[in-house]
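The structure appears below as C-alpha cells.
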Amino acid sequence: MKRRAALAGSLATLAAAPRGARSQTLAVDLQLVLAVDVSRSIDEVEAELQRRGYIDALSSDRVVDALTSGEHKRIGLC
C-alpha cells in the first residue's frame, strides 16, 4: 500500500511540475507509452474498462515492484 501511495505521489508531483522542470533529462529504466483508443470504435463501457485496466495495472503490487526494481528505480510514463 505504501508503494502505491509513493507511485501515485510521484506521478502527481510530475504532473504538477513546471513545464521546464519536466523537460529535464532523467535516466529511467523504461519509457512506457499508454495508448488509448479514441477512434469511437468502442462504447463508453469498453472505454471505462480500458481506463480501469490501466489503473488496476499501475496500482498492482507486482507491477509497482517491477517498475521500481530497475537500476534507476523509475520509469517514464506517457
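The values are calculated or read from the model by the stated rules, or taken from the named source; none is laboratory data. These numbers were taken from a predicted model, which means no experiment stands behind them. Glycine also receives a Cβ, built like all others from the backbone with ideal geometry; neighbour counts cover every protein chain displayed.
Out of region 35-77, which residues are over 13 Å from the mean Cα position of the chain (by Cα), free of Cβ contacts under 8 Å to residues at least 40 places away in the same chain and either surrounded by 13 or more Cβ atoms within 10 Å (Cβ to Cβ) or part of a helix (DSSP H, G or I) (or both)?
Matches in region 35-77: Ile42, Glu44, Val45, Glu46, Ala47, Glu48, Leu49, Gln50, Arg62.
Here are some residues: Ser60, Ser10. Which one is at pLDDT 65 or above and small (Gly, Ala, Ser)?
Numbers: Ser10 fails: at pLDDT 65 or above.
The match here is Ser60.
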